[in-house]
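Down below is the structure, laid out as structure tokens.
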């Protein structure tokens with residue numbers, strides 16, 4: 001196991017242990033934004049019949065310039081009540097199947113009426129205003145290929161084809177275990193010396209924001225038995241997140257419990273602030289992150305490592321760093337890489353970045369407005385107002 | 001009612017008729033990304049007790065440099081089993097409430113052991129390694145203000161405060177009514193002259209992608225009675241989307257049905273391609289969009305108008321235009337403003353934009369890979385490869 005690695009090595013070790021998920025059949029309604037694992041082919045010709053593209057008359061081409069009588073109509077979704085013959089037209093509505101015998105459609109606005117019926121224009125082109133069967137897409141044509149993302153238009157196409165389930169790289173599943181005897185789940189009374197859960201609520205929100213799937217949220221206290229229970233059995237999730245219990249204290253049970261449960265531990269502790277006591281390992285393809293107990297360490301650990309693993313699991317890119325301008329001076333000195341939470345505001349084309357320098361990694365209260373991280377390497381930094389900086393989104397981008 | 005307006009006037013008319021939603025109490029688990037309507041204040045001091053910030057001993061300051069005996073421990077989530085007295089220390093764990101009598105915490109690594117117990121360092125500062133009660137946040141302090149977005153860290157803060165419900169500008173509710181006798185809902189057999197629903201499936205996905213709430217998806221055929229039924233009664237949704245039936249054909253029942261149901265119609269038809277026969281109106285604060293029947297018109301209408309209305313309803317910004325570079329020549333000529341769907345690929349810092357010029361607004365198949373729109377004003381355009389262009393996202397941004 002690596003000890004006290006730098007943040008870039010830590011990320012590399014996480015990604016090295018992460019493989020893309022195997023494709024899974026997924027209901028179309030849940031497939032938006034996922035990556036296709038199999039080609040999508042048209043099940044029949046589109047349109048499936050010669051379709052009128054205008055409201056008007058279905059006619060014979062040789063009737064150009066002549067008067068025709070109208071017998072029957074063809075409305076969308078219905079079979080025509082007449083057929084086209086020389087001198088005899090059928091009224092057609094946009095989207096309707098062309099009646100038998102149709103050679104062209106003449107739009108309503110091109111018609112004039114006289115006592116014998118409707119007079120067609122002097123030129124009528126064969127197939128005009130007809131979307132011919134298969135003209136948009138022939139049966140069997142591959143419309144989408146493996147690797148394509150299912151867009152909203154893709155959903156429309158798949159629905160047209162009658163596809164109810166599609167083979168995609170699925171959303172990763174994430175299970176969360178909150179440790180610590182002092183943590184009280186939402187809705188329960190808080191005793192003396194206790195605090196309400198915030199990490200479980202925050203991680204649930206972060207998993208949702210990442211469009212991953214939360215399978216469970218458990219509270220294990222500081223009980224080795226409860227922890228063992230949570231780690232037992234076939235994995236319900238590809239990613240397991242634990243909070244708390246990863247330092248070196250008397251009741252920091254996570255590293256031993258993970259080793260006992262058969263996880264290979266890859267690294268413990270990262271040269272970063274906040275979130276130094278991060279633990280990472282895996283077991284049979286399941287990734288485990290032992291996040292420290294304080295909320296800002298959990299937030300950084302998720303944003304910087306878990307989110308990257310989730311993206312690789314599902315073959316999805318994350319937004320890259322954004323350039324911005326510092327709105328307040330920032331002085332940071334330390335032996336570890338610092339990830340400073342910042343407020344972010346768009347002002348025209350400028351991204352205004354205001355650092356939120358709290359009183360420590362537990363100071364979650366000052367950070368509730370944070371939208372991005374600013375990274376500073378070990379050493380002394382004194383950045384003036386106006387300094388160009390690069391930030392990484394801490395959640396949804398600010399537009 | 002305005003007829004055949006230009007796309008910018010159309011958007012202005014939509015936004016003029018759109019007001020921000022009234023705040024609604026929302027479960028914390030559903031509040032992520034929403035805008036707060038009321039300040040969030042700390043329910044008690046944080047930390048709620050003097051909290052040990054390190055593993056070590058709770059001691060008296062005057063015992064600096066002396067040997068102390070250890071009597072009892074204080075673990076996180078539990079009351080201490082002893083109190084600190086001169087010469088007597090209590091073992092403390094990070095996160096534990098400091099035992100009675102604590103004046104400072106000495107970290108484990110600063111202790112040396114001798115036969116009489118543990119020897120403290122020669123200097124021990126009052127309150128060292130103690131997070132004092134209320135030091136992170138005092139009871140009653142406003143941590144978040146109206147207008148702040150609920151971030152994941154905000155969720156952590158609210159959970160800490162025991163907040164189960166929060167007053168926010170809610171997600172807009174959207175109801176969808178698909179018209180057209182030719183449309184068959186998913187899972188039902190398709191008869192001759194019929195096609196499967198794609199607009200209902202696509203709009204459901206678009207509403208989900210916009211993080212709005214779909215309240216219903218109905219199919220009304222071309223029946224005035226079914227349409228009347230769908231428009232009757234108290235609105236279940238702030239936004240009503242209809243597809244089809246907005247042209248001037250014999251079975252285009254939507255404009256009359258809306259007028260009959262008491263909607264004020266604001267405009268009908270927009271000088272744009274695709275999606276010209278767009279209809280917009282409102283009734284008692286409820287917005288209605290009559291989208292044309294073809295999927296690409298629905299997609300543009302939603303992306304350009306509905307999405308903007310949803311953003312204003314919930315006070316949320318949409319991403320602005322992105323600069324890119326054209327990867328294939330584009331020739332467009334028309335009397336209307338053209339919105340051309342494009343594929344988009346990031347290549348380093350360049351956004352590579354490839355237009356998908358289909359054979360008409362019904363050509364949804366070629367567009368399933370589209371990720372953005374390129375706007376071209378009326379007239380003739382011949383853009384070469386490499387031309388700088390601006391695109392607007394058609395759904396999730398491409399990173």
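Quick note: the coordinates plus some simple rules give every number you see, no bench work behind them. All values reported here derive from a predicted model rather than from experimental measurement. Reconstructed Cβ throughout: ideal geometry from the backbone, glycine too, with neighbour counts over all protein chains shown.
Among the residues of chain A, which one places its Cβ closest to the rotation axis that maps chain A onto chain B, and what is that distance in whole Å?
A:397, 4
What is the antiparallel percent of DSSP beta bridges lying wholly in the protein assembly as shown, to the nearest 5? Provide the component values of the computation, followed by the final result.
Values: 116 of 176 bridges.
Antiparallel: roughly 65 percent of the beta bridges in the protein assembly as shown.
How far, in degrees from 0 to 90, does helix B:7-16 lean away from the longest principal axis of the Cα atoms of chain B, to the nearest 10?
50 degrees
Please tell me the relative contact order of segment B:51-131 in percent, rounded to the nearest whole number, where contacts are Cα pairs under 8 Å and at least six residues apart.
40 percent
DSSP beta bridges in chain B, what fraction antiparallel, as a percent rounded to 5?
Given both bridge residues lie in chain B, the antiparallel proportion sits at roughly 65 percent.
With 39 Å as the cut-off, how large is the P(r) tail for the protein assembly as shown, expressed as percent of Cα-Cα pairs?
Value for the protein assembly as shown (Cα pairs over 39 Å): 47 percent.
Relative contact order for segment A:322-393: what percent, with Cα pairs under 8 Å and sequence separation of 6 or more?
48 percent
Can you give the extra length, in nm with one decimal, that the chain gains between residue B:141 and residue B:349 once fully stretched, where that is 0.36 nm per residue apart less the Cα-Cα distance? Before the final figure, lay out the partial values.
Working: separation 208, 0.36 × 208 = 74.88 nm, distance 4.35 nm.
Net length gain for the segment: 70.5 nm.
Label points 7 Å out from Cα along the Cβ direction at residue B:70 and residue B:399: separation in nm?
That separation, rounded to one decimal, is 4.5 nm.
Return the average number of partner chain Cβ atoms within 10 angstrom of each residue Cβ along peptide B:53-66.
1
Relative contact order for chain B: what is it in percent, counting Cα pairs under 8 Å that are at least 6 residues apart?
Computed value for chain B: 16 percent relative contact order.
Kirkwood hydrodynamic radius of segment B:81-165 from all distinct Cα pairs, in Å?
With all distinct Cα pairs of segment B:81-165 included, I get 16.2 Å.
Could you work out [θ]222 nm for chain A from helices alone, using -39500 (n - 2.57) per DSSP H run of at least four and dividing by all its residues? Round to the nearest 500 deg cm²/dmol.
Computed ellipticity for chain A at 222 nm equals -4000 deg cm²/dmol.
Can you compute the modelled spin-label distance between residue B:375 and residue B:123, with each label point 7 Å from Cα toward Cβ, in nm?
Placing both labels 7 Å beyond Cα along the Cβ direction yields 6.4 nm.
How much length is gained if the chain between residue A:283 and residue A:148 is pulled fully straight, taking 0.36 nm per residue apart and subtracting their Cα-Cα distance, in nm to one decimal?
45.6 nm
What whole number of Å gives the distance from the Cα centroid of segment B:242-284 to the Cα centroid of segment A:1-71?
The two parts, judged by their Cα centres, are 28 Å apart.
Taking the label point as lying 7 angstrom from Cα along the Cα-to-Cβ axis, what are the distances from residue A:164 to the corresponding position in the remaining copies, in ascending order and in nanometres?
Its label point is 3.9 nm from the equivalent points in the other copies.
For a Förster distance of 60 Å, can you work out the FRET efficiency between the beta-carbons of residue A:308 and residue B:260, rounded to the nearest 0.05?
In this case the efficiency is close to 0.60.
Using only the alpha-carbon atoms of segment A:51-131 as identical scatterers, what base-10 log of I(q)/I(0) does the Debye formula give at q = 0.15, 0.20, 0.27 Å⁻¹?
Debye output, listed in q order: -0.39, -0.72, -1.35.
How many nanometers, to one decimal and shortest first, lie between the label point of residue A:41 and those of its other copies, if labels sit 7 Å from Cα toward Cβ?
6.7
Residue separation times 0.36 nm, minus the C-alpha to C-alpha distance between residue A:24 and residue A:232: what's the value?
Additional length available on full extension: 72.4 nm.
Given R₀ = 35 Å, FRET efficiency for residue B:317-residue A:113 by Cβ-Cβ distance, to 0.05?
Working: r = 54 Å, r/R0 = 1.53.
Between residue B:317 and residue A:113 the formula returns 0.05.
Under 37 °C and 0.692 mPa s, how fast does chain A diffuse according to Stokes-Einstein, given a Kirkwood radius computed over C-alpha pairs? Answer in µm²/s, whole number.
D = 128 µm²/s.
What spacing in nm lies between the two simple spin-label points modelled at residue A:41 and residue A:4, each 7 Å away from Cα in the Cβ direction?
6.0 nm
Please report, for residue B:22, the nm distances (one decimal) from its label point, 7 Å out from Cα along the beta-carbon direction, to the equivalent points in the remaining copies, shortest first.
Those label-point separations list as 5.3 nm.
Treat the count of other C-beta atoms within 10 Å as a stand-in for reagent exposure and order B:137, A:98 from fewest to most.
Working: B:137 22, A:98 28.
Exposure proxy ranking, most exposed first: B:137, A:98.
Helix B:199-209 versus the longest principal axis of chain B: what angle, 0 to 90°, nearest 10, using Cα atoms?
Value to nearest ten degrees: 30.
Please work out the C-alpha center-to-center distance from segment A:335-399 to segment B:99-172 and express it in whole Å.
Centre-to-centre distance over Cα atoms comes out at 21 Å.
By what distance, in whole Å, do the Cα atoms of segment A:322-393 stretch along each of the three principal axes, largest value first?
That gives 35, 25, 18 Å along the principal axes, largest extent first.
Take the alpha carbon atoms of segment A:261-336, find their radius of gyration, then divide it by 2.2 N^0.38 Å using N residues; give the quotient. Don't jump to the answer; show the numbers that get you there.
Working: Rg = 15.2 Å, N = 76, 2.2 N^0.38 = 11.4 Å.
Ratio of Cα Rg to 2.2 N^0.38 Å: 1.33.
I'd like the mean, over residues of A:189-199, of how many other protein chain beta carbons sit within 10 Å of each residue's own Cβ.
Per-residue shielding by partner chains comes out at 6.
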